[in-house]
């Protein structure tokens, strides 16, 4: 015989408190109200076509290819169709307000902070033994072995080993400060002298420095960053009153 469990809104509120997430939820609600007020003051409107396009992008992002998959996702997340439409509306209004506030500030910000967006094409092997790392470093320097051979022998993760330790295009903020300083001072192609961190001893091959391009993706990231900072400033200027215990 199956057992039923009843969960009330009070139970949910209490669990949010116990899981230390209530303050985050409260701040998110305050953010939404601040954004709605600012968008209204700026006269920002959302057209039906914009909502439809945003809903299509959302479904694509979550691989909701059919109406059945969409309904199943809504049910799983306990959302009604009205909730979904509001979610899409909030996403669109956030983007439009961010563009309204910071659209003309993106290029100046980019040129002022270009170094933050530099990328490095790098390969990495993390070892436990510093002496071994130095031995391998000098072996590569003297052409006794290749970085690929070292990666193939010493990387445990199968997929990473198959890629020869390839980390892709990595940004400054993705790296520990001690690694970032060495990597971005490199003259590619260059194997760096082993770097010791709390994670181990890093043997790194820097293949290329990638100059940043102000494309649509980066424009979106910068706008989102400026918008987040604006929101934090706004939230510090208001008093949040919660009407529950």
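Could you tell me whether residue 167 is assigned to a strand (DSSP E or B), surrounded by fewer than 18 Cβ atoms within 10 Å (Cβ to Cβ) and either assigned by TED's automatic domain parsing to the domain that holds residue 198 or modelled with pLDDT under 95 (or both)?
Yes: the conditions hold for residue 167.
One residue is enough: does segment 210-226 have a residue meeting the conditions within 30 Å of residue 151 (Cα to Cα) and in a loop (DSSP other than H, G, I, E, B)?
Checked against the condition, which is being within 30 Å of residue 151 (Cα to Cα) and in a loop (DSSP other than H, G, I, E, B), segment 210-226 yields at least one hit.
How many of the residues making up segment 37-90 are closer than 30 Å to residue 238 by Cβ and outside any helix (DSSP H, G or I)?
Counting residues in segment 37-90 that are closer than 30 Å to residue 238 by Cβ and outside any helix (DSSP H, G or I) gives 10.
Is it fair to say residue 224 is within 30 Å of residue 100 (Cα to Cα) and modelled with pLDDT of 90 or more?
yes
The values are calculated or read from the model by the stated rules, or taken from the named source; none is laboratory data. For clarity, every value in this text was computed on a predicted model and none was experimentally measured. FYI the Cβ positions are ideal-geometry reconstructions off the backbone, even for glycines, and counts take in every protein chain you see.
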